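Novice: Please find one structure pasted underneath; my questions will follow.
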Amino acid sequence: MSQKELRYDDLSISLDDVYEAMEYQADQPDVAVAAETRAVMSEVSLWLRPRFCFFVAYGELGSNFQTLTLEQTTLKVGKIIGRQLKGSEAFACFVATAGMEFEAYQQRLMLEGDMVKVFIANALGSVIAEKCADEMEVFLQQSIEKLGWKHTNRFSPGYCGWHVSEQQRLFPLFHTANPCGVQLTDSSLMVPIKSVSGIIGVGKEVRKLDYTCGLCDFEKCYKKKRPPKSPPSP
(Lines give C-alpha, C1' and ligand atoms only; values in the text may rest on other atoms or scores of the structure.)
Protein backbone atom coordinates (compact mmCIF):
# COMPACT_ATOMS: atom_id res chain seq x y z
CA MET A 1 0.00 0.00 0.00
CA SER A 2 1.25 3.47 -0.92
CA GLN A 3 0.69 6.33 1.51
CA LYS A 4 1.83 9.90 1.89
CA GLU A 5 1.45 12.81 4.31
CA LEU A 6 1.06 16.26 2.80
CA ARG A 7 1.29 19.87 3.93
CA TYR A 8 -1.27 22.61 3.47
CA ASP A 9 0.79 24.27 0.75
CA ASP A 10 0.81 21.03 -1.27
CA LEU A 11 -2.93 21.41 -1.84
CA SER A 12 -2.88 24.81 -3.60
CA ILE A 13 -6.18 25.89 -2.06
CA SER A 14 -7.53 29.22 -3.27
CA LEU A 15 -10.12 31.50 -1.74
CA ASP A 16 -12.38 30.75 -4.70
CA ASP A 17 -12.19 27.03 -3.87
CA VAL A 18 -13.48 27.73 -0.37
CA TYR A 19 -16.12 30.20 -1.55
CA GLU A 20 -17.43 27.62 -4.00
CA ALA A 21 -17.65 25.05 -1.20
CA MET A 22 -19.52 27.69 0.82
CA GLU A 23 -21.91 27.77 -2.18
CA TYR A 24 -21.19 31.29 -3.35
CA GLN A 25 -21.67 31.19 -7.12
CA ALA A 26 -21.98 34.81 -8.23
CA ASP A 27 -21.36 37.19 -5.35
CA GLN A 28 -18.49 36.75 -2.92
CA PRO A 29 -19.09 36.97 0.84
CA ASP A 30 -19.11 40.30 2.60
CA VAL A 31 -15.92 41.84 3.94
CA ALA A 32 -16.28 40.39 7.44
CA VAL A 33 -16.83 36.80 6.26
CA ALA A 34 -14.03 37.13 3.70
CA ALA A 35 -11.66 38.26 6.46
CA GLU A 36 -12.71 35.36 8.69
CA THR A 37 -12.18 32.94 5.82
CA ARG A 38 -8.64 34.18 5.25
CA ALA A 39 -7.96 33.95 9.00
CA VAL A 40 -9.19 30.35 9.21
CA MET A 41 -7.14 29.33 6.17
CA SER A 42 -4.04 31.00 7.63
CA GLU A 43 -4.48 29.29 11.00
CA VAL A 44 -5.06 25.87 9.51
CA SER A 45 -2.06 26.18 7.20
CA LEU A 46 0.29 26.15 10.19
CA TRP A 47 -0.50 22.64 11.41
CA LEU A 48 -2.59 20.79 8.82
CA ARG A 49 -1.32 17.30 7.90
CA PRO A 50 -3.64 15.76 5.29
CA ARG A 51 -2.75 12.29 4.09
CA PHE A 52 -3.76 9.64 1.60
CA CYS A 53 -3.19 5.96 0.96
CA PHE A 54 -4.11 3.57 -1.82
CA PHE A 55 -3.40 0.12 -3.18
CA VAL A 56 -3.92 -1.37 -6.63
CA ALA A 57 -5.46 -4.81 -7.05
CA TYR A 58 -6.79 -6.89 -9.90
CA GLY A 59 -10.52 -7.37 -9.96
CA GLU A 60 -13.46 -8.17 -12.18
CA LEU A 61 -16.57 -6.23 -13.10
CA GLY A 62 -19.82 -8.16 -13.22
CA SER A 63 -21.39 -8.86 -16.60
CA ASN A 64 -24.11 -6.30 -15.87
CA PHE A 65 -21.59 -3.69 -14.63
CA GLN A 66 -23.34 -3.44 -11.26
CA THR A 67 -20.70 -5.24 -9.19
CA LEU A 68 -16.92 -5.23 -8.78
CA THR A 69 -15.14 -8.18 -7.19
CA LEU A 70 -11.80 -7.53 -5.46
CA GLU A 71 -10.01 -10.10 -3.30
CA GLN A 72 -13.18 -12.24 -3.14
CA THR A 73 -15.17 -9.24 -1.90
CA THR A 74 -18.02 -8.10 -4.12
CA LEU A 75 -18.76 -4.38 -4.11
CA LYS A 76 -22.20 -3.35 -5.36
CA VAL A 77 -21.05 -0.24 -7.20
CA GLY A 78 -24.11 0.12 -9.44
CA LYS A 79 -24.39 0.61 -13.18
CA ILE A 80 -23.39 4.29 -13.33
CA ILE A 81 -20.01 3.63 -11.74
CA GLY A 82 -19.59 0.17 -13.25
CA ARG A 83 -19.89 1.52 -16.78
CA GLN A 84 -17.36 4.26 -16.00
CA LEU A 85 -14.93 1.55 -14.88
CA LYS A 86 -15.37 -0.50 -18.05
CA GLY A 87 -12.06 -1.52 -19.61
CA SER A 88 -10.08 -1.30 -16.37
CA GLU A 89 -7.28 -3.82 -15.97
CA ALA A 90 -7.04 -3.23 -12.22
CA PHE A 91 -8.53 -1.01 -9.55
CA ALA A 92 -7.11 1.40 -6.97
CA CYS A 93 -8.82 1.60 -3.60
CA PHE A 94 -8.04 4.81 -1.74
CA VAL A 95 -8.60 6.88 1.38
CA ALA A 96 -7.77 10.59 1.64
CA THR A 97 -8.33 12.68 4.74
CA ALA A 98 -7.91 16.16 6.20
CA GLY A 99 -6.66 14.36 9.32
CA MET A 100 -7.55 14.13 13.00
CA GLU A 101 -5.93 17.49 13.63
CA PHE A 102 -8.58 19.14 11.49
CA GLU A 103 -11.32 17.04 13.08
CA ALA A 104 -10.24 18.29 16.52
CA TYR A 105 -10.19 21.86 15.23
CA GLN A 106 -13.78 21.59 14.01
CA GLN A 107 -14.88 20.12 17.33
CA ARG A 108 -13.23 23.01 19.20
CA LEU A 109 -15.02 25.58 17.04
CA MET A 110 -18.33 23.87 17.74
CA LEU A 111 -17.70 23.99 21.49
CA GLU A 112 -16.79 27.67 21.26
CA GLY A 113 -20.06 28.33 19.44
CA ASP A 114 -18.48 30.44 16.70
CA MET A 115 -20.92 29.47 13.96
CA VAL A 116 -19.33 31.63 11.28
CA LYS A 117 -16.00 29.86 11.77
CA VAL A 118 -17.82 26.51 11.95
CA PHE A 119 -19.41 27.30 8.59
CA ILE A 120 -16.07 28.30 7.06
CA ALA A 121 -14.17 25.34 8.52
CA ASN A 122 -16.81 22.93 7.26
CA ALA A 123 -16.37 24.24 3.72
CA LEU A 124 -12.58 24.36 3.99
CA GLY A 125 -12.46 20.79 5.30
CA SER A 126 -14.39 19.54 2.30
CA VAL A 127 -11.95 21.32 -0.01
CA ILE A 128 -8.96 19.88 1.87
CA ALA A 129 -10.27 16.31 1.58
CA GLU A 130 -10.98 16.65 -2.14
CA LYS A 131 -7.67 18.39 -2.87
CA CYS A 132 -5.89 15.64 -0.96
CA ALA A 133 -7.68 13.09 -3.13
CA ASP A 134 -6.57 15.10 -6.19
CA GLU A 135 -2.96 14.75 -5.03
CA MET A 136 -3.55 11.04 -4.53
CA GLU A 137 -4.61 10.77 -8.18
CA VAL A 138 -1.40 12.50 -9.28
CA PHE A 139 0.68 10.11 -7.18
CA LEU A 140 -1.31 7.14 -8.49
CA GLN A 141 -0.76 8.19 -12.10
CA GLN A 142 2.98 8.50 -11.51
CA SER A 143 3.04 4.98 -10.08
CA ILE A 144 1.20 3.38 -13.02
CA GLU A 145 2.78 5.29 -15.89
CA LYS A 146 5.57 2.73 -16.21
CA LEU A 147 2.89 0.20 -17.16
CA GLY A 148 1.43 2.50 -19.78
CA TRP A 149 -1.74 2.77 -17.70
CA LYS A 150 -4.12 5.69 -17.23
CA HIS A 151 -6.89 6.07 -14.68
CA THR A 152 -10.59 6.86 -14.52
CA ASN A 153 -12.36 9.35 -12.28
CA ARG A 154 -12.57 8.44 -8.63
CA PHE A 155 -15.86 7.15 -7.26
CA SER A 156 -16.99 6.98 -3.64
CA PRO A 157 -19.67 5.11 -1.69
CA GLY A 158 -22.68 7.36 -1.24
CA TYR A 159 -22.56 8.71 -4.79
CA CYS A 160 -23.90 7.61 -8.20
CA GLY A 161 -25.93 4.73 -6.79
CA TRP A 162 -23.14 3.15 -4.71
CA HIS A 163 -24.69 2.92 -1.27
CA VAL A 164 -22.70 4.40 1.62
CA SER A 165 -23.07 1.13 3.57
CA GLU A 166 -20.64 -0.42 1.06
CA GLN A 167 -17.90 1.28 3.08
CA GLN A 168 -18.18 -1.81 5.30
CA ARG A 169 -16.98 -3.95 2.37
CA LEU A 170 -14.41 -1.46 1.08
CA PHE A 171 -12.45 -0.73 4.27
CA PRO A 172 -11.48 -4.36 5.10
CA LEU A 173 -9.71 -4.51 1.73
CA PHE A 174 -6.99 -2.25 3.18
CA HIS A 175 -6.02 -5.00 5.68
CA THR A 176 -5.47 -2.43 8.41
CA ALA A 177 -7.87 -1.19 11.06
CA ASN A 178 -7.67 2.51 10.26
CA PRO A 179 -6.17 3.33 6.84
CA CYS A 180 -4.59 6.80 7.00
CA GLY A 181 -5.93 7.04 10.56
CA VAL A 182 -9.53 6.99 9.31
CA GLN A 183 -12.01 4.99 11.37
CA LEU A 184 -15.29 3.64 10.07
CA THR A 185 -18.31 3.71 12.37
CA ASP A 186 -21.08 1.11 12.44
CA SER A 187 -23.22 3.55 10.46
CA SER A 188 -20.50 3.75 7.74
CA LEU A 189 -19.47 7.29 8.70
CA MET A 190 -15.77 8.06 8.37
CA VAL A 191 -13.91 9.75 11.22
CA PRO A 192 -12.35 12.23 10.57
CA ILE A 193 -15.52 13.35 8.81
CA LYS A 194 -13.54 15.30 6.23
CA SER A 195 -12.33 12.16 4.47
CA VAL A 196 -12.88 10.60 1.06
CA SER A 197 -12.71 6.93 0.11
CA GLY A 198 -13.45 4.97 -3.02
CA ILE A 199 -12.13 3.29 -6.13
CA ILE A 200 -10.46 4.25 -9.39
CA GLY A 201 -10.11 2.11 -12.50
CA VAL A 202 -6.67 1.81 -14.10
CA GLY A 203 -5.49 0.36 -17.40
CA LYS A 204 -4.33 1.13 -20.91
CA GLU A 205 -7.80 1.69 -22.35
CA VAL A 206 -9.56 3.64 -19.61
CA ARG A 207 -10.38 7.34 -19.76
CA LYS A 208 -11.01 10.10 -17.25
CA LEU A 209 -14.27 11.70 -18.33
CA ASP A 210 -16.43 14.54 -17.10
CA TYR A 211 -18.57 13.42 -14.18
CA THR A 212 -21.91 12.30 -15.60
CA CYS A 213 -24.08 14.33 -13.23
CA GLY A 214 -27.03 14.05 -15.59
CA LEU A 215 -27.23 10.33 -14.85
CA CYS A 216 -27.15 10.73 -11.07
CA ASP A 217 -30.07 11.83 -8.90
CA PHE A 218 -28.05 12.63 -5.75
CA GLU A 219 -28.74 16.33 -5.28
CA LYS A 220 -26.17 16.86 -2.50
CA CYS A 221 -23.19 15.70 -4.56
CA TYR A 222 -20.22 18.06 -4.29
CA LYS A 223 -19.79 17.88 -8.09
CA LYS A 224 -23.16 19.56 -8.68
CA LYS A 225 -23.42 23.34 -8.78
CA ARG A 226 -25.97 24.74 -6.38
CA PRO A 227 -27.49 28.22 -5.99
CA PRO A 228 -25.72 30.56 -3.56
CA LYS A 229 -26.79 30.85 0.04
CA SER A 230 -26.02 33.27 2.83
CA PRO A 231 -23.65 32.34 5.66
CA PRO A 232 -24.97 32.12 9.22
CA SER A 233 -25.15 35.33 11.20
CA PRO A 234 -22.26 35.99 13.62
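The values are calculated or read from the model by the stated rules, or taken from the named source; none is laboratory data. Everything numeric in this text was worked out from a predicted model, so none of it was measured. Don't worry about glycine lacking a Cβ; one is built from the backbone with ideal geometry, like all the others, and counts go over all protein chains shown. Calculation scope for accessible area: heavy atoms of the full protein, side chains included, ligands and nucleic acids excluded. Shrake-Rupley method; radii C 1.70, N 1.55, O 1.52, S 1.80 Å.
Novice: When the residues of the stretch 108-127 are narrowed to those that are in contact with a Leu (Cβ under 7 Å, 6 or more places away or on another chain) and open to solvent by 10 Å² or more (accessible area, probe 1.4 Å), which ends up farthest from residue 33 (Cα to Cα)?
Specialist: Step one: filter the stretch 108-127 for residues in contact with a Leu (Cβ under 7 Å, 6 or more places away or on another chain), giving 117-118, 121.
Then keep just the ones that are open to solvent by 10 Å² or more (accessible area, probe 1.4 Å); that gives 117-118.
On the way: 117: 9, 118: 12 Å.
My answer is 118.
Novice: Of the residues 26, 39, 35, only one is open to solvent by 20 Å² or more (accessible area, probe 1.4 Å), outside any strand (DSSP E or B) and modelled with pLDDT of 95 or more; which?
Specialist: Working: 26 fails: modelled with pLDDT of 95 or more; 35 fails: modelled with pLDDT of 95 or more.
Criteria check complete, one pass: 39.
Novice: Restrict the check to the stretch 128-136 and report whether at least one residue is surrounded by fewer than 20 Cβ atoms within 10 Å (Cβ to Cβ) and in a strand (DSSP E or B).
Specialist: Checked the stretch 128-136: no residue is surrounded by fewer than 20 Cβ atoms within 10 Å (Cβ to Cβ) and in a strand (DSSP E or B).
Novice: Tell me whether the stretch 141-152 contains one or more residues that are assigned to a helix (DSSP H, G or I), open to solvent by less than 20 Å² (accessible area, probe 1.4 Å) and of a type outside the set (Ser, Thr, Tyr). Quick ask: steps written out before the conclusion?
Specialist: Going residue by residue through the stretch 141-152, those that are assigned to a helix (DSSP H, G or I) are 141-147.
Applying the additional criterion that residues be open to solvent by less than 20 Å² (accessible area, probe 1.4 Å) yields 144.
Pick out the ones that are also of a type outside the set (Ser, Thr, Tyr) and you get 144.
The answer is yes; a qualifying residue exists.
Novice: I would also like to ask the following. Based on what the data block shows, is residue 166 part of a helix (DSSP H, G or I), in contact (Cβ under 8 Å) with a residue 40 or more places away in the chain, under 27 Å from residue 40 (Cβ atoms) and of a type outside the set (A, V, I, L, M)? Talk me through it step by step, then tell me what you get.
Specialist: Numbers: part of a helix (DSSP H, G or I): yes; in contact (Cβ under 8 Å) with a residue 40 or more places away in the chain: yes; under 27 Å from residue 40 (Cβ atoms): no; of a type outside the set (A, V, I, L, M): yes.
No.
Novice: So which residues in the stretch 46-85 are touching a strand residue (DSSP E or B) at 6+ places or on another chain (Cβ under 7 Å), open to solvent by 50 Å² or more (accessible area, probe 1.4 Å) and touching a residue at least 24 places away in the same chain (Cβ under 8 Å), if there are any at all?
Specialist: Passing the criteria: 49, 56, 58, 71.
Novice: The conditions are (1) closer than 17 Å to residue 195 by Cβ; (2) open to solvent by less than 70 Å² (accessible area, probe 1.4 Å); (3) touching a strand residue (DSSP E or B) at 6+ places or on another chain (Cβ under 9 Å); (4) outside any helix (DSSP H, G or I), and residue 13 fails exactly one of them. Which is it?
Specialist: Tallying (1) closer than 17 Å to residue 195 by Cβ; (2) open to solvent by less than 70 Å² (accessible area, probe 1.4 Å); (3) touching a strand residue (DSSP E or B) at 6+ places or on another chain (Cβ under 9 Å); (4) outside any helix (DSSP H, G or I), residue 13 fails exactly one: (3).
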